[in-house]
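Shown next, in structure tokens, is the structure this report addresses.
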Amino acid sequence: MCGIVGLLGRRPAAPLLLEGLRRLEYRGYDSAGIATLAEGRLDRRRAEGKIAKLAAVLEDQPLDGTIGIAHTRWATHGRPNETNAHPHIADGIAVVHNGIIENFQALRDRLEAAGHVFATETDTEVVPHLIAQHQRTGLDPTRAAARAFDELEGAYSLLVLFQSRPDLLVAARRGSPLAIGYGDGEMFVGSDATALAPLTERIQYLEEGDWAVVGEDGAQIHGADGQPVEREIGRTAFSGALMGKGNFRHFMEKEIYEQPSVLGDTLHAFDVGTGEIAMPSLPFDIKAVSRLHMVACGTASLACQVARYWFERHAHLPVECDLASEFRYRRPLLTTDQGAVFVSQSGETADTLAALRLCRAAGVPTVGIVNVPESTIAREADALVRTLAGPEIGVASTKAFTTQLATLACMAIAAAERRGTMDAAELKQAAETLNAVPGHALEALECCAGIQDIAEEFAQVRDLLYLGRGSNYPIALEGALKLKEITYIHAEGYAAGELKHGPIALVDEATPVIVVAPSDDVFEKTASNVQEVMARGGRVLLVTDQAGHRALGDKATWSLVLPTVPPLIAPIVFVIPLQLLAYHVAVRRGTDVDQPRNLAKSVTVE
Ligand code: G6P
């Protein structure tokens with residue numbers, strides 16, 4: 001979480017830093033700040049709220065200088081107000097920070113005892129004080145910074161600007177990513193290449209434990225052992241252009257409607273149109289592997305849960321799904337005959353990354369299914385499979401999710417082919433089914449016309465239940481998650497069969513129940529659960545197909561009738577109306593759809 005950007009060179013720093021922050025706003029948006037150095041004077045502007053607020057402050061009170069650092073925050077320690085906004089300054093040392101300093105209290109106690117006075121509630125503020133303390137013992141600024149980094153515990157990245165050194169910045173990476181950009185007589189530092197893309201294509205990623213002294217002509221990098229190291233300078237594929245919303249009101253709406261096209265791109269990479277699905281190169285033998293671990297957070301973890309149904313049913317391959325934050329601490333039984341798959345839009349989620357490293361350390365071969373190809377997970381996994389969703393800006397994931405599903409479905413069928421668990425006719429049929437996904441996604445978008453009226457009613461309710469069965473159970477969970485994220489209405493997803501074991505107590509007229517029920521082999525079972533809801537006065541929104549509607553539509557309060565699709569791809573198609581429903585409810589409630597409160601797109605703290 002939190003976005004860092006810094007630069008030193010020839011041009012006025014503040015406008016470029018502000019532009020960098022705008023591109024990093026997906027990492028957090030509760031407060032922001034910039035510090036620059038001009039004529040030997042360190043100065044800063046900070047504001048609570050989004051980058052636009054900081055821009056307004058800078059308009060009134062501009063900052064001079066050609067060297068500076070900047071930050072957009074997602075609060076961990078201390079409320080999101082102006083005082084706690086970065087950069088934090090002490091004794092002419094300004095610091096921006098992403099991550100958590102776990103031993104900050106002990107350091108703060110020590111520094112306060114030594115006479116340092118603190119102004120904020122943040123963990124970050126110990127860093128400039130600690131560096132200042134080391135400078136007092138006679139160390140020069142860069143050595144003092146390196147000494148301070150050695151004392152910090154936790155996962156973080158840092159960027160430091162010294163009033164006494166207008167010619168350099170010091171950067172450190174311990175657990176959170178940081179990239180250095182090379183310009184013409186100018187140097188840049190950013191949380192990722194997104195921030196730096198308009199400034200330069202030439203990017204160097206710091207590795208774990210690295211710290212760097214960045215001067216006008218280049219960066220001197222030191223490894224975890226303090227010794228100088230070389231890191232490759234590559235060309236970033238990120239576009240310098242800021243993404244636009246086109247004719248859509250929000251990025252989320254645009255991204256929902258992009259799904260037919262990005263699903264086509266993703267499926268095309270698997271050659272589904274040829275009738276044979278290509279298996280990406282994997283670091284393990286899919287025929288021999290004893291089980292797969294699938295690990296992720298948030299929406300990506302729900303893609304894994306759907307994939308478990310596919311891999312087990314079609315490829316007869318056991319799958320264990322874990323939330324990354326649980327996996328890393330539950331001491332999973334890892335053996336080298338297993339494979340591990342990590343699914344992440346950003347490729348930077350701290351818990352998913354830590355789980356990946358845990359598997360690598362245990363000798364379990366790892367695959368990253370990632371949307372951002374230059375991300376840490378993409379670089380650290382033994383094999384990378386890209387989802388081709390394109391940049392996803394809305395914090396609530398939509399097109400990244402469906403492209404994750406499409407990727408996992410292709411991999412499951414390709415695994416079935418390798419493992420001999422589907423015959424030639426079944427494989428051909430599956431490829432044709434997958435090839436039809438973009439068309440069905442388009443139909444799903446088109447047949448949701450009535451959704452606006454339903455959204456109008458749902459915008460007034462306090463609680464909602466979502467039910468699904470089989471591979472559509474995780475889709476019910478995703479529907480509930482989407483609604484919670486952007487409308488702030490309480491929603492829970494349940495396996496339809498679990499209803500009677502507890503959640504049925506919540507059913508009344510005020511709590512609509514959304515039932516995801518394509519007419520598949522478990523439809524009859526779900527239909528019984530719908531009857532149970534209605535018998536208790538519950539109002540049901542039935543999300544189904546023509547056959548399902550014929551069977552149950554007259555009993556439901558509302559229906560959304562989707563195209564009839566084979567069960568394999570139903571989760572990909574049936575999630576689309578749930579995304580749209582959440583979107584339209586959010587619009588009616590007037591929430592900040594693309595940047596909902598308290599959330600961030602890329603969660604780089606655990
Ligand atoms: C955050 C986002 C979610 C996302 C999750 C995992 O919580 O708000 O939309 O599903 O992180 O992110 P990843 O980038 O690993 O898919």
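The values are calculated or read from the model by the stated rules, or taken from the named source; none is laboratory data. Predicted, not measured: the structure shown is a model, and the values here were computed from it. Note: ideal-geometry Cβ built from the backbone for every residue, glycine included; neighbour counts use all protein chains shown. When the accessible area is computed, the model is the full protein with side chains, heavy atoms only, and any ligands, DNA or RNA have been set aside. Shrake-Rupley method; radii C 1.70, N 1.55, O 1.52, S 1.80 Å.
For the structure I just gave you, tell me whether Gly78 is more than 26 Å from Leu599 (Cα to Cα) and either touching a residue at least 24 places away in the same chain (Cβ under 8 Å) or open to solvent by less than 10 Å² (accessible area, probe 1.4 Å) (or both). Steps first, please.
On the way: more than 26 Å from Leu599 (Cα to Cα): no; either touching a residue at least 24 places away in the same chain (Cβ under 8 Å) or open to solvent by less than 10 Å² (accessible area, probe 1.4 Å) (or both): yes.
Here the answer is no, as Gly78 does not meet what is asked.
With the requirement that a residue be of a type in the set (Lys, Arg), more than 16 Å from Gln163 (Cβ to Cβ) and in a strand (DSSP E or B), what does region 20-66 give you?
In the first step, residues of region 20-66 are kept if they are of a type in the set (Lys, Arg); the result is 22-23, 27, 41, 44-46, 50, 53.
This time we only want the ones that are more than 16 Å from Gln163 (Cβ to Cβ), so: 22-23, 27, 45-46, 50, 53.
Passing the criteria: Arg45, Arg46.
Would you confirm whether any residue within region 94-104 is in contact (Cβ under 8 Å) with a residue 12 or more places away in the chain, open to solvent by less than 10 Å² (accessible area, probe 1.4 Å) and over 27 Å from the mean Cα position of the chain (by Cα)? Break it down into steps so the answer makes sense when it comes.
So the first thing to find is which residues in region 94-104 are in contact (Cβ under 8 Å) with a residue 12 or more places away in the chain, and the list is 94-104.
Now restrict to residues that are open to solvent by less than 10 Å² (accessible area, probe 1.4 Å): 94-99, 101.
Filter once more, keeping what is over 27 Å from the mean Cα position of the chain (by Cα): 94.
So far as region 94-104 goes, yes, one or more of its residues are in contact (Cβ under 8 Å) with a residue 12 or more places away in the chain, open to solvent by less than 10 Å² (accessible area, probe 1.4 Å) and over 27 Å from the mean Cα position of the chain (by Cα).
More than 27 Å from Cys2 (Cα to Cα) and within 14 Å of the ligand (Cβ to nearest atom): does that describe Gln345? First the steps, then the outcome.
Working: more than 27 Å from Cys2 (Cα to Cα): no; within 14 Å of the ligand (Cβ to nearest atom): yes.
No; evaluated as a whole, the condition is false for this residue.
Yes or no, residue by residue, for (1) in contact with a Cys (Cβ under 9 Å, 6 or more places away or on another chain); (2) within 15 Å of Ile256 (Cβ to Cβ); (3) within 16 Å of the ligand (Cβ to nearest atom); (4) small (Gly, Ala, Ser):
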site	(1), (2), (3), (4)
Gln546	no, no, no, no
Asp554	no, no, no, no
Val565	no, no, no, no
Val573	no, yes, no, no
Leu581	yes, yes, no, no
Arg588	no, no, no, no
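One line per residue, one yes/no per condition, for (1) within 16 Å of the ligand (Cβ to nearest atom); (2) outside any loop (DSSP other than H, G, I, E, B); (3) open to solvent by less than 10 Å² (accessible area, probe 1.4 Å):
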{"residue": "Pro391", "(1), (2), (3)": "yes, no, no"}
{"residue": "Val395", "(1), (2), (3)": "yes, no, no"}
{"residue": "Ala406", "(1), (2), (3)": "yes, yes, yes"}
{"residue": "Ala415", "(1), (2), (3)": "no, yes, yes"}
{"residue": "Leu427", "(1), (2), (3)": "no, yes, no"}
{"residue": "Ala444", "(1), (2), (3)": "no, yes, yes"}
{"residue": "Ala449", "(1), (2), (3)": "no, no, no"}
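Find all pairs meeting these conditions: Cβ atoms under 8 angstrom apart; at least six residues apart or on different chains; first residue within region 290-308 and closer than 16 Å to Ala495 by Cα and crowded, with 24+ Cβ neighbours inside 10 Å; second residue modelled with pLDDT of 95 or more and aromatic (Phe, Trp, Tyr).
Note: pairs meeting the criteria are Leu302/Phe401; Ala303/Phe401.
Scan region 270-288 for residues that are in contact with a strand residue (DSSP E or B) (Cβ under 6 Å, 6 or more places away or on another chain) and either part of a helix (DSSP H, G or I) or crowded, with 19+ Cβ neighbours inside 10 Å (or both) and jot them down.
Leu282, Phe284
How about region 333-349: which of its residues are surrounded by 24 or more Cβ atoms within 10 Å (Cβ to Cβ) and either in contact with a Pro (Cβ under 7 Å, 6 or more places away or on another chain) or aliphatic (A, V, I, L, M) (or both)?
Initial filter on region 333-349 (surrounded by 24 or more Cβ atoms within 10 Å (Cβ to Cβ)): 339-349.
Passing the criteria: Gly339, Ala340, Val341, Val343, Glu348.
Does any residue in region 54-65 that is surrounded by 12 or more Cβ atoms within 10 Å (Cβ to Cβ) come within less than 9 Å, Cβ to Cβ, of a residue that is in a loop (DSSP other than H, G, I, E, B) six or more places away or on a different chain, and which pairs are these?
From region 54-65, the pairs are Leu54/Ala85; Pro62/Pro12; Leu63/Pro12; Asp64/Pro12; Asp64/Glu39; Gly65/Pro12; Gly65/Glu39; Gly65/Pro166.
Return a yes/no flag: does region 458-468 have any residue that is under 21 Å from Leu263 (Cβ atoms), open to solvent by 40 Å² or more (accessible area, probe 1.4 Å) and not in a helix (DSSP H, G or I). Spell out the reasoning first.
Of the residues in region 458-468, the ones under 21 Å from Leu263 (Cβ atoms) are 468.
After this cut, where a residue has to be open to solvent by 40 Å² or more (accessible area, probe 1.4 Å) as well, the list is none.
No.
Any residue in region 117-132 that is open to solvent by 10 Å² or more (accessible area, probe 1.4 Å), out of contact with any helix residue (DSSP H, G or I) (no Cβ under 7 Å at 6 or more places or on another chain) and of a type in the set (Val, Ile, Thr)?
Yes, the conditions are met somewhere in region 117-132.
Per-residue answers, yes or no, for (1) away from the ligand (no atom under 16 Å from the Cβ); (2) in contact with an Asp or Glu (Cβ under 7 Å, 6 or more places away or on another chain); (3) among the polar types (S, T, N, Q); (4) at pLDDT 95 or above:
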| residue | (1), (2), (3), (4) |
| --- | --- |
| Leu282 | yes, no, no, yes |
| Ser290 | yes, yes, yes, yes |
| Val295 | no, yes, no, yes |
| Ser301 | no, no, yes, yes |
| Cys304 | no, no, no, yes |
| Arg308 | yes, no, no, yes |
| Arg313 | yes, no, no, yes |
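So which of Thr433, Thr421 is over 22 Å from Phe284 (Cβ atoms), more than 14 Å from the ligand (Cβ to nearest atom), surrounded by fewer than 24 Cβ atoms within 10 Å (Cβ to Cβ) and of a type in the set (Ser, Thr, Tyr)? Don't jump to the end; show me each part of the working.
Working: Thr421 fails: over 22 Å from Phe284 (Cβ atoms).
Checking each option against the conditions leaves just Thr433.
Of (1) open to solvent by less than 10 Å² (accessible area, probe 1.4 Å); (2) over 30 Å from Ala278 (Cα atoms); (3) out of contact with any strand residue (DSSP E or B) (no Cβ under 7 Å at 6 or more places or on another chain), Lys399 satisfies all except one. Which?
Tallying (1) open to solvent by less than 10 Å² (accessible area, probe 1.4 Å); (2) over 30 Å from Ala278 (Cα atoms); (3) out of contact with any strand residue (DSSP E or B) (no Cβ under 7 Å at 6 or more places or on another chain), Lys399 fails exactly one: (2).
So for region 355-372 (the condition being modelled with pLDDT under 95, within 16 Å of the ligand (Cβ to nearest atom), within 27 Å of Glu208 (Cα to Cα) and surrounded by fewer than 24 Cβ atoms within 10 Å (Cβ to Cβ)), does at least one residue qualify?
Scanning region 355-372 turns up no residue that is modelled with pLDDT under 95, within 16 Å of the ligand (Cβ to nearest atom), within 27 Å of Glu208 (Cα to Cα) and surrounded by fewer than 24 Cβ atoms within 10 Å (Cβ to Cβ).
Counting only residues that are within 14 Å of the ligand (Cβ to nearest atom) and outside any loop (DSSP other than H, G, I, E, B), which one in region 373-384 is surrounded by the most Cβ atoms within 10 Å (Cβ to Cβ)?
Thr376
Which condition from (1) open to solvent by 60 Å² or more (accessible area, probe 1.4 Å); (2) touching a residue at least 60 places away in the same chain (Cβ under 8 Å); (3) not β-branched (Val, Ile, Thr) is the one that Leu506 breaks?
(2)
Which pairs have Cβ atoms under 8 Å, sit 6 or more apart or on different chains, and link a residue in region 582-606 that is more than 25 Å from Gln452 (Cα to Cα) to one that is of a type in the set (Val, Ile, Thr) and within 10 Å of the ligand (Cβ to nearest atom)?
Leu599/Val395; Ala600/Val395; Lys601/Val395; Ser602/Thr349; Val603/Thr349; Thr604/Thr349
Across region 324-361, what is the total count of residues that are under 19 Å from Gly175 (Cα atoms) and either charged (D, E, K, R) or outside any helix (DSSP H, G or I) (or both)? Give the derivation first.
Residues of region 324-361 under 19 Å from Gly175 (Cα atoms): 324-329, 342-361.
This time we only want the ones that are either charged (D, E, K, R) or outside any helix (DSSP H, G or I) (or both), so: 326, 328-329, 342-349, 351, 357, 360.
Final tally of qualifying residues: 14.
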